C-alpha cells in the first residue's frame, strides 16, 4: 500500500565524540523514506529543497521507488541546513546552526495522486505544515496517519500541535516529550493522558533503552539492539518511524500484533542507522541483512518460563 | 539448594516525591533474603544488627525459612542506619545520613553449616568483608557466587574490589558502575572488559530501563515492567538480585537459558518492591501473584515474525 512521507530534506553537519561529517544529506523525510523503501516501493514524498541539492541523491531515492512529484525544488534558494554536536552520552546535543532557507516559507501542495495515500508519516515539522498536509488528503478517516514531533513545538506552538495530534492514529515521540506533553511523569500515566488527546496508538522512543507501543491498556516493548559502537544517532528516530510505517504499508495490517512486528522492524532499521554517519549504512541494506538482525532482536528478549 | 545471603540489615528513612517513611527495616541482605524466600527455604543469612533491631522482624524472616545463625546481634550497639531523599526522577538520590554503627567493625564469621552453601549472594558491602566471607567457604570453586557492589567502592577501594570480582561467577552492577569499572562507554564493550576481569556472567541493571545479562558474546535483555506508579526504588536492585539467585537456588540450574528465566523472576520481584515503601509489598506475595506478573513480562516483549 502507498505511504506518504512528509518532512525535511536537508544538509547536516554532525560532530560526535567519534568523528564528524560536513554537509551530508539528511533530514527527517530523507531518513523516513530510505528506511521505508526496504518495505514498500509506493512512497510519495512531500518536501522542499533548494537548487543546491544534488540531483544524484534524488536519483537514488527514485531508484528505490520514491515518487518525487511532491518535492519542490525552489529556484535561487538554499536547502535547509542543520549543524549539531553530540555530547559524550550520544543522546543530548547542541545545535550549532539552523539555516531554515527554503523551509522558511514552505507551503506543501500535494500532487493529486498523493491524496489517496493509505499510510501517512508526518515527520517532525511545524504543526501548521503537518496540518496543511493532512487537510489536503481525500480521506483522512481512511488513511492511517502517524505523527512525529519534538519538545520545541510543545514550547512554542502547543495549541496547534494538540489540534494536529487530535487527528492522527499514532503519535511517535520520545520519553521526555511524552512527559512534557502529558504533564505525567510515569510513561504509563503519560500514555493514558495522550490517548485522551486523540491518538489510539502511542509510541514512546527511549533511544538506547528501546521503544514502547501503547494501545488501550496494552503495552509492547521493543528493546534497542546493544551495539559495540554507535557512531551517529542523527536520524535514528526518523529511521525508526520509516521502518515502522514502511512495514505497516507493506503488510496493510494495523492490528496490534502486526504493529509489534512493525516496531521491531523500526528498531532494526534504527540500529543500522546509528552504526555509521548520516545515511551511509541505510543505503547499503537488503532483506537478508534486515531479517538477520530482526532475528537478533528476537533472541535478545526470548525466554521460556517452564 | 542452599543460598548464602550476605549484606546489611538496616534501618532506612526514605523520602521520595510521593511520600516518606521513617526508620523502617531495610538493608541489602534483608531485601535479598525476602525476595529469595519465595523460591527457596534454604537461606543462610550473614549480617549484623544492634540490640535495637526488632525481634519480630527476625521472626518473620525465620518463618520464611531464613536461617539466622549467621546474624550477629551486637550488645550495646545500634543497627546500621541510612537516610536518603530521592530526586524527582526517582533514580538519583541524596544520602542524608549514614550511621555505620555495628557495621563499623563487622567481622563476619560463617557458621560451619553455611560453608557448604551452593549459591552465594554477596550484597553490597566493603569488598574486604565480601572477601572475608568468600575465603571461609569450603568450596569456592563449587559454589556459584554473585556479587553486587557500587561506585563508592570503585572510588575508594578499586584494587581490593577487582580482587574480589576476579573470584565470582556473576557480577551485578548498574550501567554507570559498569562504565566506571570497565572504562568503556558502550555496555557491550564494558561487558567484554568485565568478563576479562573474571566473572563469566555480567548483569547490568538499568532501573526503569530493564536489565541485561551478558555471557561469552550472548546477550539477554529483560525489560522493567512499566508501572503507573513507583513509590520507592529503595532495595529494588537487592530485590532483583534476591529473586535472581533465589530462582537459581530453587532450580539448581546455571545454564544461560535458566539464567534468562532467573532474570525475569528477579525483575518481577523488583517490580513489586518499588510499588510500596520499604519491604511492604515484598512481605505480601505468593506464587500466584508472582507467576501472574511473570506472564505480564512475557506478554510485554513477545512478538512473532511471520
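Nearest-5 percent of antiparallel DSSP beta bridges in the range A:3-301?
Of those bridges, close to 40 percent are antiparallel.
Mind checking the mean number of beta-carbon atoms from other chains within 10 Å of the Cβ atoms in A:293-305?
Across A:293-305, the average partner-chain Cβ count within 10 Å equals 6.
Over the Cα atoms of the range B:167-306, compute the convex hull volume and normalise it per residue, giving Å³.
132
If the label for residue B:69 sits 7 angstrom from Cα along the Cα-to-Cβ line, what are its distances to the same label in every other copy, in nm to one decimal, shortest first?
Nearest first, the other copies' label points are 8.5 nm away.
Suppose R0 equals 35 Å. What FRET efficiency, 1/(1 + (r/R0)^6) with r the Cβ-Cβ distance, do residue A:116 and residue A:275 give to the nearest 0.05?
Taking R0 as 35 Å, the efficiency between residue A:116 and residue A:275 is 0.45.
Using the 7 Å Cα-to-Cβ label point, sort the distances from residue B:51 to its equivalents in the other copies shortest first and give them in nm to one decimal.
9.3
List the relative contact order of the range B:3-301 as a percent without decimals, with contacts defined as Cα pairs under 8 Å and 6+ residues apart.
18
Under a point spin-label approximation (7 Å from Cα along Cα-to-Cβ), what is the residue B:41-residue B:138 distance to one decimal in nm?
Rounded to a tenth, the inter-label distance reads 2.3 nm.
Is the shape of the range A:1-109 best called rounded, prolate or oblate, per the rule: a/c under 1.5 gives rounded, else a/b larger than b/c gives prolate, else oblate, with a ≥ b ≥ c the square roots of the Cα gyration tensor eigenvalues?
Oblate, because a/c is 1.5 or more while a/b does not exceed b/c.
If you take the Cα Rg of chain A and divide it by 2.2 N^0.38 Å, with N the number of residues, what do you get? Intermediate results must be reported in sequence, preceding the final value.
Working: Rg = 18.0 Å, N = 306, 2.2 N^0.38 = 19.4 Å.
The reported ratio for this selection is 0.93.
With an 8 Å Cα cut-off and a minimum separation of 6 or more residues, compute the relative contact order for the range A:145-220 in percent.
Over the range A:145-220, the number comes to 27 percent.
What percent antiparallel are the DSSP beta bridges of the range B:34-139, to the nearest 5? Walk me through the numbers on the way to the answer.
Numbers: 6 of 12 bridges.
Counting only bridges with both partners in the range B:34-139, antiparallel ones make up about 50 percent.
What FRET efficiency do you get for residue A:152 and residue A:256 if R0 is 22 Å and r is their Cβ-Cβ distance, rounded to the nearest 0.05?
It comes to 0.10.
Which of A:154, A:269, A:212 moves the most in a Gaussian network model of chain A with Cα springs under 10 Å?
A:154
Shape call for the range B:209-260 from the C-alpha gyration tensor, a ≥ b ≥ c root eigenvalues: rounded (a/c under 1.5), prolate (a/b greater than b/c) or oblate?
Judged from the Cα gyration tensor, the range B:209-260 comes out oblate (a/c at least 1.5, b/c at or above a/b).
Between residue B:1 and residue A:185, with labels modelled 7 Å along Cα→Cβ, what's the label distance in nm to one decimal, could you check?
Taking the two extended label points, one gets 4.1 nm.
Based on the Cβ-Cβ distance from residue A:128 to residue A:95, what FRET efficiency comes out when R0 is 22 Å, to the nearest 0.05? Working shown, then result.
On the way: r = 21 Å, r/R0 = 0.95.
With R0 = 22 Å, the Cβ-Cβ based efficiency is 0.55.
Extension gain residue B:107-residue B:286, at 0.36 nm per residue separation less the Cα-Cα distance, in nm?
Result for the pair: 61.0 nm of gain on full extension.
In a Gaussian network model over chain A where Cα atoms closer than 10 Å are linked, find which of A:126, A:239, A:30 has the largest mean-square fluctuation.
With Cα springs under 10 Å in chain A, the top fluctuation among A:126, A:239, A:30 is at A:126.
Which residues in the range A:20-53 place their backbone N less than 17 Å from a point set 7 Å from the Cα of residue A:85 along the Cα-to-Cβ direction?
Answer for the range A:20-53: A:20-23.
Please report the relative contact order for the range A:201-306, taking Cα pairs under 8 Å with a sequence separation of at least 6, and give it as a percent rounded to a whole number. Please report the intermediate quantities before stating the final value.
On the way: 139 pairs, mean separation 26.4, N = 106.
Computed value for the range A:201-306: 25 percent relative contact order.
Going 7 Å from the Cα of residue A:229 toward and past its Cβ, which residues in the range A:1-21 have a backbone nitrogen under 11 Å from where you end up?
Under 11 Å, as judged by backbone N against the label point of residue A:229, lie A:18-19 of the range A:1-21.
Shape verdict for the protein assembly as shown, please, from the Cα gyration tensor: rounded (a/c under 1.5), prolate (a/b greater than b/c) or oblate.
Details: a/c = 2.35, a/b = 2.21, b/c = 1.06.
Prolate.
Considering chain A as a Gaussian network with a 10 Å cut-off on Cα pairs, which listed residue, A:204, A:14, A:156, attains the greatest mean-square fluctuation?
Its mean-square fluctuation being the largest, the pick is A:156.
Could you give, in nm with one decimal, how far residue A:275 is from each other copy of that position, shortest first, with labels 7 Å out from Cα toward Cβ?
4.0
Read-outs: derived from the displayed coordinates by stated rules, not from any lab. Everything quoted here is computed from the prediction, not taken from an experiment. Neighbour counts run over all protein chains shown; Cβ positions are idealised from the backbone, glycine included.
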